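Inspection log for the structure reproduced underneath, given as structure tokens.
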Amino acid sequence: MNLPINLYGIRAIYVFELSRWFRTLGQSILAPVISTALYFVVFGSAIGSHMAPIGGVSYGAFIVPGLMMLSVLTESLSNASFGIYMPKWAGTIYELLSAPVSWIEAVIGYVGAAATKSVLLGLIILVTARLFVPFNIAHPVWMAAFLILTSLTFSLFGFIIGVWADGFEKLQIVPTLIITPLTFLGGSFYSISMLPPIWQKITLFNPVVYLVSGFRWAFYGTSDVAVGLSLAATLGFMLLCLGVIFWIFRTGYRLKN
């Protein structure tokens, strides 16, 4: 029976990408977890113990969603961009383009693997955070939904970066110079309501604000922006990324030359 979608091709790409990830667990999991643990030690315990609660939530617990988003966004971008860049660099991208695998199936394989890695990392960080600060999750289903949706969205974005990049240096430009600063300035370590009015308005142009705010609402039921707006912004960015990827495969941009 002919299946409407090539599940064998998707599984081959997905399993290959996951196996590559498991071969580098020290870099893929241990390093981000240690970095996050240091944030909790410095900001959660040392500094947080001297800060007043924010919205009735202790500072150590308040930064948990922000730190998870910081790691998930960075890892989603890195995993997806590196996954598609390596076939380009090694010259095996032509085997993928000539294989009986559609662009949708290729994207599902690469992006699905990158998103899976990010979700697993986010859950590991969540467990690690529990060792340092007590917290409760008010809406666990929505927390999981935001985690998966964010991982998928930024894995799609990372896929675009991997296609665009023509060198290893470019793979790090967007995560290092754009995403990380936007995450730090997007309310990961503070509520934007603590800013002066003019900066509150300027901060709303930062797309990461909506991700962090929606994710924090899932934890504590409070947010800087409406949760519906956070969800709409994330879905809108996902659709934009899908549109760009469709254009890339239709035109062969930086894939066939």
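Rule-based calculations on the coordinates, nothing more; no lab input. Remember, predicted model here, so these are calculated numbers, not experimental data. Cβ: placed from backbone, ideal geometry, glycine included. Neighbour counts: every protein chain shown.
How many angstrom separate the Cα center of the range 230-248 from the Cα center of the range 80-145? One Cα centre to the other: 16 Å. Taking 7 Å steps out from each Cα toward its Cβ at M194 and L120 produces label points 3.5 nm apart. Among T251, T234, the ranking by other beta carbons within 10 Å of each residue's beta carbon, starting with the fewest, stands as T251, T234.
Name all residues of the range 215-240 having a backbone nitrogen under 18 Å from the label point set 7 Å from the Cα of K201 along its Cα→Cβ direction, giving them as ranges. Of the residues in the range 215-240, 225 have backbone N under 18 Å from the label point off K201.
Cross-link partners of K170 among lysines, defined as those whose alpha carbon lies under 16 angstrom from its own and excluding same-chain residues fewer than eight positions apart: K88.
The gain in end-to-end length when the V127 to L229 segment is fully stretched comes to 33.9 nm, 0.36 nm per residue minus the alpha carbon separation. In terms of packing, defined here as the mean over residues of other Cβ atoms within 10 angstrom, the peptides 141-153, 88-100, 237-249, 72-84 line up highest first as 72-84, 141-153, 237-249, 88-100. For the pair Y94 and L177, label points projected 7 Å from Cα toward Cβ lie 3.2 nm apart.
Projected onto its three principal axes, the C-alpha set of the chain covers 59, 41, 37 Å, listed from the longest axis down. Extension gain for F16 to I104 (0.36 nm times residue separation, less C-alpha to C-alpha distance): 30.0 nm. The modelled label-to-label distance between L239 and K170, using points 7 Å beyond Cα along the C-beta direction, is 2.9 nm. For the range 93-217, the alpha-carbon radius of gyration amounts to 1.27 times the rule-of-thumb value 2.2 N^0.38 Å expected for a compact globular protein.
Highest mean packing comes first when the peptides 221-229, 182-190 are listed by Cβ atoms within 10 Å, giving 182-190, 221-229.
Counting other Cβ atoms within 10 Å as a rough exposure proxy, the listed residues Y59, Y8, Y85 run Y8, Y59, Y85 from fewest neighbours to most. With contacts taken as Cα pairs under 8 Å at a separation of at least 6 residues, the chain carries a relative contact order of 26 percent.
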